[in-house]
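Asks: I have a structure here, written as structure tokens, and I will follow up with some questions on it.
The values are calculated or read from the model by the stated rules, or taken from the named source; none is laboratory data. On a predicted model such as this, the values are computed, not experimentally measured, just so you know. Cβ placement follows ideal geometry from the backbone for every residue including glycine, while neighbour counts extend to all protein chains displayed.
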Amino acid sequence: MNLAQFLAILYVISLIVSVAVGIKKKIAGEGIIAGLLLGPIGMIYILLKKPRAKCSYCGGLIEKGAIKCKHCGADLKEMPAGKNA
């Protein structure tokens, strides 16, 4: 196996892992793009990326388990009835 074959196999494996982890974290599109454009670096990026959720008040993306929305300042401990973060 020469270097070109090794790099091609590494790139394909990185793409597959990036897409699989992206689907699991509900960021499949980002996983595909990172895997295609960055290869092994994209795989590491997707593996380390924190899961995100939407604020129940403004719909902005926040970290899962956040206490306060960084966009609208809403207190997420006191969720409105029938809404989930």
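Asks: For L10, which of the numbered conditions (1) touching a residue at least 12 places away in the same chain (Cβ under 8 Å); (2) on the phi > 0 side of the Ramachandran plot fails to hold?
Replies: (2)
Asks: Report yes if M1 is without any contact (Cβ under 8 Å) to a residue 24 or more places away in the chain and among the aliphatic types (A, V, I, L, M), otherwise no. Talk me through it step by step, then tell me what you get.
Replies: On the way: without any contact (Cβ under 8 Å) to a residue 24 or more places away in the chain: yes; among the aliphatic types (A, V, I, L, M): yes.
The answer is yes for M1.
Asks: Taking only pairs six or more apart or across chains, which ones have beta-carbon atoms under 9 Å, a first residue in segment 19-34 that is closer than 15 Å to P51 by Cβ and not assigned by TED's automatic domain parsing to the domain that holds E63, and a second residue that is modelled with pLDDT of 85 or more and of a type in the set (S, T, Y)?
Replies: E30/S18; E30/Y45; G31/S18
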